[in-house]
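Each remark here refers to the structure printed beneath this line.
The values are calculated or read from the model by the stated rules, or taken from the named source; none is laboratory data. Everything quoted here is computed from the prediction, not taken from an experiment. Please note: Cβ atoms are built from the backbone with ideal geometry, for glycine as well, and neighbour counts cover all protein chains shown.
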Amino acid sequence: MKKRVESVGTQSHGQAKVTLPFSPAVRAGDFVFVSGQVGFDADARIVPGGIEAETRQALKNIGDILTRAGCALEDVVKCTVWLEDARDFSAFNKVYAEHFPGMKPARSTVESRLMIHAKIEIEAVAYRPLAS
């Protein structure tokens, strides 16, 4: 079973203000695949404050989407991260570790030019069995 996880208003990543050809997340059985999130606030603007602020917001956006899918950050099993500047790696890791204090998800992190003017993009895969 595959099911789109809907956006709600302008929460999470401004999806309601920007129409792009993808779902914020898709549940496929017991897995939830969250599309890449940047540090958009509720008004679809990148939060000010640099890599730490953008990382916090991107992870908040992922958490909000996961909540709508019946999951939480604790259910994340894999993240893929794109950093606009590899020199931000240490500051990013500090914030990332705060959001995953227990068992850490598997993760890939690369330096890449992003499609918008953001310092970071994070996608996540969560695992939460559907209620029987």
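Filter region 116-132 for residues that are surrounded by 14 or more Cβ atoms within 10 Å (Cβ to Cβ) and either of a type outside the set (G, A, S) or at pLDDT below 95 (or both) and give the result.
Of everything in region 116-132, those that are surrounded by 14 or more Cβ atoms within 10 Å (Cβ to Cβ) and either of a type outside the set (G, A, S) or at pLDDT below 95 (or both) turn out to be K119, I120, E121, I122, E123, V125, Y127, R128.
Which residues, counting only those in region 99-110, are loosely packed, with under 13 Cβ neighbours inside 10 Å and touching a Leu at 6+ places or on another chain (Cβ under 9 Å)?
V110
What tally of residues in region 20-54 results from selecting those that are among the hydrophobic types (A, V, I, L, M, F, W, C), touching a helix residue (DSSP H, G or I) at 6+ places or on another chain (Cβ under 6 Å) and assigned to a helix (DSSP H, G or I)?
Result for region 20-54: 1.
Residues to consider are R87, R45; find the one that is loosely packed, with under 13 Cβ neighbours inside 10 Å, in contact (Cβ under 8 Å) with a residue 12 or more places away in the chain, of a type in the set (K, R) and over 30 Å from A131 (Cα atoms).
R45
Go through region 52-63 residue by residue and tally those that are under 10 Å from A118 (Cβ atoms) and either surrounded by fewer than 20 Cβ atoms within 10 Å (Cβ to Cβ) or among the aliphatic types (A, V, I, L, M) (or both).
Qualifying residue count, region 52-63: 1.
If I ask for residues that are crowded, with 17+ Cβ neighbours inside 10 Å and small (G, A, S), which ones from region 67-84 would you list?
If the condition is that a residue be crowded, with 17+ Cβ neighbours inside 10 Å and small (G, A, S), then A69 is the only one that fits.
When you scan region 116-132, do you find a residue that is under 23 Å from R45 (Cα atoms), of a type outside the set (S, T, Y) and without any contact (Cβ under 8 Å) to a residue 40 or more places away in the chain, even just one?
No: region 116-132 contains no residue that is under 23 Å from R45 (Cα atoms), of a type outside the set (S, T, Y) and without any contact (Cβ under 8 Å) to a residue 40 or more places away in the chain.
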